[in-house]
Amino acid sequence: MTIMVVEDEEINWLYLNEILKNRVRVLRAVNGKEAIELIKQNPGIDIILMDVKLPDINGLELTKIIKSMNENVKVIAQTAYALSGDRESVIAAGCSGYISKPVNRDELLNLIIAYSNK
């Protein structure tokens, strides 16, 4: 399984990579432009952990672009802003689901297992 982490904050990336690195192949993009290039170069990406707040493009807008390139990839939005209506916004953008920051290790692994079986 290949998971792409779209995350610009180094500490968040290090944490996610530590959780995932011995379980799956992990790719990283720090912005929307890199994410689009990685999708083009790696069409077999299974799951994307998408930071909603990125430096160049909103993660939800980026999700729409990526889903137009690969409709089968599962996107899990990561947001520090877990507010009422967030679930509806991420689903409308094409995300399969979302996880709140700070990311809970067990919750993340359970989501990955759930979406890898769909």
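Some points to look at:
- In plain terms, the residue of Asp51, Asp56, Asp86, Asp106 with the fewest other Cβ atoms within 10 Å comes first and the most crowded comes last, giving Asp106, Asp56, Asp86, Asp51.
- Straight-line reach from Lys40: taking Cα to Cα under 19 Å and skipping same-chain neighbours fewer than 8 places apart, the lysines in range are Lys64, Lys67, Lys74.
- Less than 5 angstrom separates the built amide H of Leu49 from those of Met4, Val5, Val6, Ile76, all sequence-distant by 5 or more or on a different chain.
- The chain shape via C-alpha gyration tensor axes, a/c threshold 1.5: rounded
- Subtracting the Cα-Cα distance of Ala114 and Asn17 from 0.36 nm times their residue separation leaves 33.0 nm of extension gain.
- Charge dipole magnitude, Cβ of K and R +1, D and E -1 - the range 2-116, Cα centre, debye nearest 20: 300 debye
- The chain - mean residue ellipticity at 222 nm from DSSP helices (-39,500 (n - 2.57) per run, n ≥ 4, rounded to 500): -13000 deg cm²/dmol
Taken together, the values in this text are just the output of simple stated rules run on the coordinates, not laboratory data. Since the structure is predicted, the reported quantities are computational estimates derived from the model, not experimental observations. So basically every Cβ, Gly included, is an ideal-geometry build from the backbone, and we count neighbours across all protein chains shown.
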